[in-house]
Structures are given as C-alpha cells and as structure tokens.
Amino acid sequence: MLDVFPVSSKEFDGPVLVTGAGGCIGSWTLALLTHAGVKVHAFDLQIDKRRPGLLMDDAALNQVSWHAGDIADTQAVRAVVEKSGAQAIIHLAALQVPFCRADPVAGALVNVVGTVNVFEAAKACGVQRLTYASSVAAYGALDNGGAMSTLYGAYKYCNEQTAKVYSEENGLHSVGIRPGVVYGVGRDQGMTSKTTVAILAAAADKPYAIPFSGDVSWLFAGEVASAFIRSVATGRTGAPVFDLNGQYASVEQGMSLLKGLVPQAQITITGDPLAFPMNHSDAPLRAYIGDYGQMPLQRGIQSTYDSFKRLIDAQKIDPHQWL
Ligand SMILES: NC(=O)c1ccc[n+]([C@@H]2O[C@H](COP(=O)([O-])OP(=O)(O)OC[C@H]3O[C@@H](n4cnc5c(N)ncnc54)[C@H](O)[C@@H]3O)[C@@H](O)[C@H]2O)c1
C-alpha cells in the first residue's frame, strides 16, 4: 500500500522531524518516510507507538528516533529541532474539534502557541523546509457563507496568518495544507473520524451509525501524508495554503462501496451534512508540489477494510474501544 505514494530519499539529505507523529497522519508520514529510507524524528506528547505500529513492523518502528514533549513548551520544541538536526519539519501536532471545544485554552496553547513555537524553532535553527496542517475547518473563520465556525478552525486560520508573517518578515517560508475528512487506518479520534469507524465496524461485524450524512471528502490518510512529505521535498517560497480533499463523494456513496465489498455490513447514516466546503479542487496543490500519488475511493475503502480485518485478527486493534 505504501508504494502507491512516491516518496524518494534522494530529496532529503537530512532528517525530517514530524510533530504529532503518534497521530493518524503522523503515523502514515513516519511509515512512508521510513519505507523510503529517510531518517525520521518523531515528536509527540508521549512515546506511544500504537498507531504507527498499525502500519509499521518493529524493524521499521525502531528506525525512528522518538522524542516526548509538549508542542506548547517553547524550550522543548527548540530543543528537539536542534537535537534532531532536522532539514525539514512536518508540523501535525494539534487538538481536534471536540478537544478545542471542551478546553479552548488548551486548544489555543497546542494549536496556536504550538505552531508559533515550531516557526520560532525553525527560524532559530535555520530550517528551510516547513509544512504544517491547517484544516478545511479554517473556512469557518472566513466570511465565505455557511462554513461551520469552530475554535479549532479559528486557531487553524490563525496559523495560516502566522505562516504568512514569518515568510514576509523572516524569510521563513512554508506550505500550509487544509485537509478535508481523512480516512484510513489510525483515524480514531476527531469529529470526522466516523466514516473510518464505520469501516472498522464492518470488519468487526458490528452495527454502526455514522452521525453525519451528505457530501464529504474521502481523503486517504496515506495520500495526505504523502502530500505533506512532498511539500518539504524541496525549499519553497512564500506561505501558500492549499486545499486537499482527495475524492469528493457522499458518505452514502462510500458506504455503498463498502456494502459492495461486505454485503452483511450493518451501517446506517444519520444526522445532517457537515458544514465544511469539501469540494475544493486539489489541482492547485498538485500543480505546486508535483505528484504525491492518489488513492481511488473503492481501493482505499477496500484496503482500509482489509487492514482492519487483519489487525483485528492479530489482536492489534480492539474494536470495542471504538464501537
Ligand atoms: N484527520 C483529519 O481529518 C484532519 C483534517 C484536517 C486537518 N487535520 C490536521 O492534521 C493534523 C494531524 O491530524 P491527525 O488526524 O493525525 O490527528 P490526531 O489527533 O490523530 O493526531 C494529533 C497528534 O498530536 C499530538 N498532540 C496533541 N497535543 C500535543 C501536544 N501538546 N504536544 C505534542 N503533541 C501533541 C497527539 O498526541 C496526536 O498524536 C492535525 O493538525 C489536524 O488538525 C486533520
């Protein structure tokens, strides 16, 4: 599966630091970089290899250098950037929508101050290649008619503005990516993780109700990880921000593909559509960074289902934790 995504060690002559590396997209980023033979440093609150371990064997996991620390801790972030000798930083650490809603101050510390810490450390250490995760939720902070406003989206939009200022005032350039709904192995938290949980439920032969309907993006986790990697495959200028949605299709279409694979799947769809614009094209990002691979929806759902089945059988995932 990793071979769908073109990552080349020739584009890196130094290590890559990934923040939020124990999360879903972080895990795929570690897996892709390690598979390609690129040295990776992983930074997260704790050294928890559970999600990366769903994608990587022990030999691959052991090639990663792990660092525990809080992204909101300025000194800790500076220290890991220095110690790792990172040539590039892929900044993914964040608290998602429900966590920001439950604790706005923690959300701002992690999502806003944490991002400033990464930019400050990159500036101090002369790191020239930097990418960070914004979100489709940033549209809620813009006056664009109808996108849902969330603190999470407000913080992400703030990060985009922060990036712009660092580029203009400090010559520290970056690429921001606004992913839509990400699905795939490792996606187990956040408001939009429920399409993935439905695939897990089918693999576990359990009923499940997805709490939103309508059009979403089906963005395979490996595809978004690959796009982040390509963003730092060379130096960039400015602070452009791009949409990334993978395949635009409804929750219903995705579930009908799943039913085609697993006729006995007991998935229902309830609730309103998500009020985020997920039909924006990926073409500007693809034109800017080049080919990062693409996962067709049917194949992505099939591969996610097959992986969940294998992981449940191997007792590496306990579906009761999610269902
Ligand atoms: N998954 C999606 O659909 C989606 C969509 C749009 C944007 N994004 C963004 O992409 C990035 C990665 O998303 P994901 O799905 O992998 O999220 P995730 O929740 O699976 O992973 C986030 C990681 O950040 C870490 N983290 C949280 N607080 C931290 C702190 N104080 N210090 C260090 N690390 C901390 C967590 O431990 C976790 O491992 C995030 O910035 C997220 O906002 C995700």
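For the reader, a short list of remarks on this structure follows.
- Among the conditions (1) crowded, with 23+ Cβ neighbours inside 10 Å; (2) free of Cβ contacts under 8 Å to residues at least 60 places away in the same chain, the only one that Gln253 does not satisfy is (1).
- All conditions in (1) more than 15 Å from the ligand (Cβ to nearest atom); (2) of a type outside the set (Phe, Trp, Tyr); (3) out of contact with any Cys (no Cβ under 6 Å at 6 or more places or on another chain) hold for Glu82, with the sole exception of (3).
- Filtered by the rule that a residue be in a helix (DSSP H, G or I) and closer than 23 Å to Leu30 by Cα, the stretch 168-192 gives a lone residue, Thr192.
- Taking the criterion of being among the β-branched types (Val, Ile, Thr) and either surrounded by fewer than 23 Cβ atoms within 10 Å (Cβ to Cβ) or more than 11 Å from the ligand (Cβ to nearest atom) (or both), the only residue of the stretch 178-192 that qualifies is Val185.
- Index of the failed condition, Val165 passing every other in (1) more than 16 Å from the ligand (Cβ to nearest atom); (2) outside any loop (DSSP other than H, G, I, E, B); (3) crowded, with 20+ Cβ neighbours inside 10 Å: (3)
- Summed over the stretch 122-134, the residues that are buried (at least 24 other Cβ atoms within 10 Å of the Cβ) and of a type in the set (Gly, Ala, Ser) give a count of 3.
- Out of Leu32, Leu55, Leu61, sole residue that is among the aliphatic types (A, V, I, L, M), surrounded by fewer than 22 Cβ atoms within 10 Å (Cβ to Cβ) and away from the ligand (no atom under 12 Å from the Cβ): Leu61
- Selection from the stretch 6-60 of residues that are of a type in the set (S, T, N, Q) and touching a helix residue (DSSP H, G or I) at 6+ places or on another chain (Cβ under 7 Å): Thr19, Ser27, Thr29, Thr34
- Members of the stretch 193-227 found to be part of a strand (DSSP E or B) and within 12 Å of the ligand (Cβ to nearest atom), listed by number: Val216, Ser217, Trp218, Leu219, Phe220
- Filter pass, Gln46 being touching a strand residue (DSSP E or B) at 6+ places or on another chain (Cβ under 9 Å), within 13 Å of the ligand (Cβ to nearest atom), modelled with pLDDT of 95 or more and in a loop (DSSP other than H, G, I, E, B): yes
- In the stretch 139-159, residue surrounded by the fewest Cβ atoms within 10 Å (Cβ to Cβ) [restricted to those that are modelled with pLDDT of 95 or more and touching a Phe, Trp or Tyr at 6+ places or on another chain (Cβ under 9 Å)]: Tyr157
- Qualifying residue in the stretch 75-88 (condition: crowded, with 22+ Cβ neighbours inside 10 Å, assigned to a loop (DSSP other than H, G, I, E, B) and in contact with an Asp or Glu (Cβ under 7 Å, 6 or more places away or on another chain)): no
- Any hit, the stretch 126-135, residues being closer than 30 Å to Pro319 by Cβ and part of a helix (DSSP H, G or I): no
The values are calculated or read from the model by the stated rules, or taken from the named source; none is laboratory data. Owing to the predicted nature of the structure, the values given are computational and were not obtained by experimental measurement. Every residue, glycine among them, receives a Cβ derived from its backbone with ideal geometry; neighbour counts consider all protein chains shown.
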